[in-house]
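The values are calculated or read from the model by the stated rules, or taken from the named source; none is laboratory data. Fair warning: this is a prediction, and the values are worked out from it, not measured in the lab. Cβ placement follows ideal geometry from the backbone for every residue including glycine, while neighbour counts extend to all protein chains displayed.
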Amino acid sequence: MRRLIFVNRFFFPDHSATSQILSDLACHLAASGREVHVVTSAQIYDAPRAALPEFETVNGVKVHRVPSSRFGRGSLVGRSLDYLTFYRSARRRLIALARPGDLLVAKTDPPLLSLPVMAAARRRGAGLINWLQDLYPEVAVALDVPFVRAPFSARQLARRRDRSLQAAEANVVVGELMAEKLAALGVAPARIHVIANWCNDMEVKPLARAENPLRQTWGLRDKFVFGYSGNLGRVHQFETVLAAAVRLRDDARFVFLMIGGGKRYEELRSAVEREGLAGSFRFMPYQPRQALAQSLGACDVHWVSLNPKLEGLIVPSKFYGIAAAGRPIVMIGELDGELGRLVTAQSCGFTVKPGDAGALIGVLRRLANEPDTVAQMGARARHLLEARFSRARSLERWRQLLDRLDHVQPGA
């Protein structure tokens with residue numbers, strides 16, 4: 001079996017989304033007998049100055065933490081410096097660590113990580129796998145990010161990124177629309193593999209409202225709870241939900257529960273205060289991973305959002321936890337997008353166009369009046385997860401892919 005070296009800015013004990021998924025996979029593969037290394041930073045997502053050991057073994061995974069600047073997420077310039085210094089340190093460590101025939105697996109934190117990993121793979125005679133959580137620089141262009149939004153800069157970055165996609169033995173994407181975009185860029189279909197992200201669905205299971213202590217602790221016992229769990233960032237929008245909450249402020253049945261954090265989370269909290277909606281909202285911090293079944297189950301229905309410009313570039317991974325908890329999903333985004341199609345086809349929720357607060361209010365009133373519909377949609381969401389998106393299924397697809405690549409010579 002070929003040695004595996006994963007590269008990502010965060011790894012266990014960090015609990016950000018990319019870290020959790022990588023930690024699950026790396027530990028699973030190490031337990032199956034593969035030699036697995038991870039090259040990562042010494043940072044934790046929300047604690048950039050954390051002091052983690054330079055080297056340790058975690059459940060059989062050899063973890064190499066490389067130095068980088070530690071400005072954190074407070075400013076774009078500081079974050080960019082963190083990226084650049086991580087690129088440099090990770091490439092140096094890979095050149096020292098990798099052997100001919102190894103497989104180097106580049107995730108997408110920081111963006112364009114495939115470029116230094118590709119350079120190291122070529123120098124050491126190793127193979128490359130790109131594990132794409134998003135497509136950059138397209139995401140940055142859609143969000144009008146400085147330094148990237150100039151057409152010339154974006155084209156140059158895209159050309160270099162495309163070379164890394166075409167040089168890879170495999171490109172693993174998290175959605176069908178993303179696979180279509182890679183094919184349109186000229187990547188050979190045989191080197192594009194759709195493997196969905198996952199959650200720990202053996203621990204996150206449907207929990208009845210009456211059996212959930214958080215419903216009482218958070219003052220939700222007799223409420224209809226429309227919830228959001230996770231990071232609320234630049235790729236998301238809350239304006240549709242806020243507008244619906246304004247119009248529902250006098251209906252005491254409804255509570256809007258926000259669990260998590262992020263730039264737009266704080267923007268929403270400020271907007272709620274300005275609108276005088278404190279009685280309609282609850283804001284809670286991120287919950288421990290072991291409490292996800294309760295925190296996700298505290299909601300009757302969850303919402304997910306994605307800027308329509310980002311369809312095919314990102315797939316919101318919070319969908320999997322919601323489905324595992326057996327709750328319906330309201331997707332606020334493109335009706336024909338990745339999750340919009342899925343939710344509609346499987347009848348496990350609704351899709352609402354961004355800005356259509358009237359449609360969202362109609363959905364919420366219907367669900368509040370039809371508890372059987374809520375239960376049926378939640379059950380279908382759980383069934384969908386078990387049939388197509390379980391943790392075991394995705395890990396097995398990774399194992400099968402790597403088994404096939406064991407017989408491929410780098411560069412073939």
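Points to keep in mind about this one:
- Arg122 being modelled with pLDDT of 95 or more, closer than 24 Å to Asp406 by Cβ and part of a helix (DSSP H, G or I): yes
- Yes/no for Ala154 being touching a residue at least 12 places away in the same chain (Cβ under 8 Å), closer than 24 Å to Arg79 by Cα and surrounded by 16 or more Cβ atoms within 10 Å (Cβ to Cβ): yes
- Taking residues in the range 245-264 that are modelled with pLDDT of 95 or more, and partners anywhere that are basic (Lys, Arg), the pairs with Cβ atoms closer than 6 Å and at least 6 places apart or on different chains are Val255/Lys223; Leu257/Arg282.
- Residue check for Ala51: without any contact (Cβ under 8 Å) to a residue 60 or more places away in the chain, out of contact with any strand residue (DSSP E or B) (no Cβ under 9 Å at 6 or more places or on another chain), surrounded by fewer than 21 Cβ atoms within 10 Å (Cβ to Cβ) and under 25 Å from Arg404 (Cα atoms): no
- Which listed residue is in contact with a Phe, Trp or Tyr (Cβ under 7 Å, 6 or more places away or on another chain) and of a type in the set (Gly, Ala, Ser), from Ser32, Ser75, Ser68: Ser68
- Qualifying residues in the range 328-338 (those that are free of Cβ contacts under 8 Å to residues at least 60 places away in the same chain and crowded, with 24+ Cβ neighbours inside 10 Å) - the one nearest to Leu367 (Cα to Cα): Pro328
- Tabulated pairs, the range 265-294, first assigned by TED's automatic domain parsing to the domain that holds Leu232, second in a helix (DSSP H, G or I) and of a type in the set (S, T, N, Q), C-beta under 8 angstrom, 6+ apart or interchain: Met284/Ser295; Gln287/Gln294; Gln287/Ser295; Arg289/Gln20
- Residue within the range 133-140 that is out of contact with any Gly (no Cβ under 8 Å at 6 or more places or on another chain) and under 24 Å from Arg391 (Cα atoms) present: yes
- When Gly312 is tested against the conditions (1) in contact with a strand residue (DSSP E or B) (Cβ under 8 Å, 6 or more places away or on another chain); (2) at pLDDT 95 or above, the lone failure is (1).
- Candidates are the residues of the range 231-252 that are charged (D, E, K, R) and in a helix (DSSP H, G or I); the one that is nearest to Tyr45 (Cα to Cα) is Glu239.
- Selection over the range 1-16 of residues that are touching a His at 6+ places or on another chain (Cβ under 9 Å) and either at positive phi or surrounded by fewer than 18 Cβ atoms within 10 Å (Cβ to Cβ) (or both) gives a count of 1.
- Close contacts from the range 373-392, counting a first residue that is farther than 17 Å from Leu339 by Cβ and a second that is among the β-branched types (Val, Ile, Thr), with Cβ to Cβ under 9 Å and a gap of 6+ residues or different chains, come to Val374/Val301.
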